[in-house]
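Encoded as structure tokens, the structure appears first; notes follow it.
The values are calculated or read from the model by the stated rules, or taken from the named source; none is laboratory data. Keep in mind that what you see is a predicted model, and the values were worked out from it rather than measured. Note: ideal-geometry Cβ built from the backbone for every residue, glycine included; neighbour counts use all protein chains shown. Please note that ligands, DNA and RNA were not included when accessible areas were found on the heavy atoms of the full protein model with its side chains. Shrake-Rupley method; radii C 1.70, N 1.55, O 1.52, S 1.80 Å.
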Amino acid sequence: MISVKTLLRIFILLSIAYLSAVIFNAATVEFYLKPTLLLPLIAAAFISKNFRNKIVLAVALVFSWTGDTLLIFVFKDAIYFILGLVAFLIAHIFYIILFAKELKKANGKIELRKAVLLLVVIYLIALLMILIPHLGGLTIPVIIYSVVISTMLYMACLLSFHWPKPASIYLLTGAISFILSDSILAFDKFYQPIPMSGFLIMATYLYAQGALVKSCIK
């Protein structure tokens with residue numbers, strides 16, 4: 001039977017191949033590789049023996065995979081962007097549920113850390129102040145999405161105080177990298193084009209998913 005470690009290595013190899021295709025504008029390779037990227041992580045989550053909330057993790061990854069696949073077809077119709085946004089929104093909600101379950105297991109409650117909350121709120125307000133004038137009909141969906149991903153980041157930060165290293169480091173950097181990926185995408189789409197945005201979005205996104213899975217497995 002294939003091991004979790006082997007699946008993580010396959011994910012890394014697929015990620016390197018995909019990012020190389022992005023750099024060299026190999027659109028056909030990108031098209032066929034993108035739906036495969038998260039499959040090793042989904043499998044790793046399912047076969048992990050030590051992580052009790054692996055089903056919640058796997059569901060978050062499945063919705064992320066759905067979002068990845070839907071966004072491939074944005075060139076056909078804008079509805080695919082909306083559907084992709086919804087899929088990732090659900091994925092983030094499952095990450096929030098996952099982190100909440102782990103927090104309660106580690107601490108018995110979800111505590112309030114004012115300094116962490118303040119930093120997350122500052123990020124959220126700054127992001128929305130820049131984007132809202134440019135969102136048009138997508139204002140409400142983007143606000144909802146931004147609040148959800150900010151909540152995901154806050155919960156990951158809280159949980160990182162309770163998990164041992166290196167799991168806590170993977171967890172925190174993975175959540176931050178996820179926020180960074182979504183922020184680059186939002187700025188590039190709604191505010192102004194960012195050089196090498198496709199590479200930056202996917203590089204931070206792939207690190208985020210890999211790091212979050214690795215943190216849970218550890």
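Details
- Length released on extending from residue 80 to residue 31, taking residue separation times 0.36 nm less the Cα-Cα span: 16.2 nm
- The stretch 135-173 and the stretch 83-109 have their alpha-carbon centroids 9 Å apart.
- Its alpha carbons considered, the stretch 1-74 gives a radius of gyration followed by a Dmax of 13.4, 41 Å.
- Selected from 197, 177, 168 as most flexible by GNM, with the chain as the system and alpha-carbon contacts under 10 Å: 197
- Full-stretch length increase - residue 144, residue 24 - with 0.36 nm per residue and alpha-carbon distance subtracted: 39.7 nm
- Average accessible surface area per residue within the chain, 1.4 Å rolling probe, Å²: 51
- Per-atom-type breakdown for the chain gives carbon and sulfur 72% of the accessible area (1.4 Å probe, protein chains only).
- At least 24 Å along the helix axis (C-alpha) and Kyte average at least -0.5, DSSP helices within the chain: 4-23, 54-71, 79-107, 114-131, 139-160, 167-186, 197-217
- Stokes-Einstein diffusion for the stretch 90-218, with the hydrodynamic radius set to the Kirkwood value over Cα pairs and evaluated at 37 °C in a medium of 0.692 mPa s, equals 216 µm²/s.
- Cβ-defined net charge surrounding residue 160, 12 Å radius [Lys, Arg +1; Asp, Glu -1]: +1
- Distance from the stretch 45-59 to the stretch 1-35 (C-alpha centre basis), Å: 22
- Calculated [θ] (222 nm, deg cm²/dmol) that DSSP helices of n ≥ 4 give over the chain, each run adding -39,500 (n - 2.57): -25500 deg cm²/dmol
- With a simple spin-label model that places each label point 7 Å from the Cα along the Cα-to-Cβ direction, the separation between residue 125 and residue 2 comes to 4.7 nm.
- Comparing the chain with the 2.2 N^0.38 Å rule of thumb, its C-alpha radius of gyration ratio is 1.00 (two decimals).
- Debye equation applied to the C-alpha atoms of the stretch 140-203, log10 I(q)/I(0) at 0.15, 0.20 Å⁻¹: -0.54, -0.81
- Relative contact order of the chain: 19 percent, from C-alpha pairs under 8 Å at least 6 residues apart in sequence.
- Partner lysines whose Cα lies under 26 Å from the Cα of residue 189, excluding those fewer than 8 positions away in the same chain, are identified as 34, 76.
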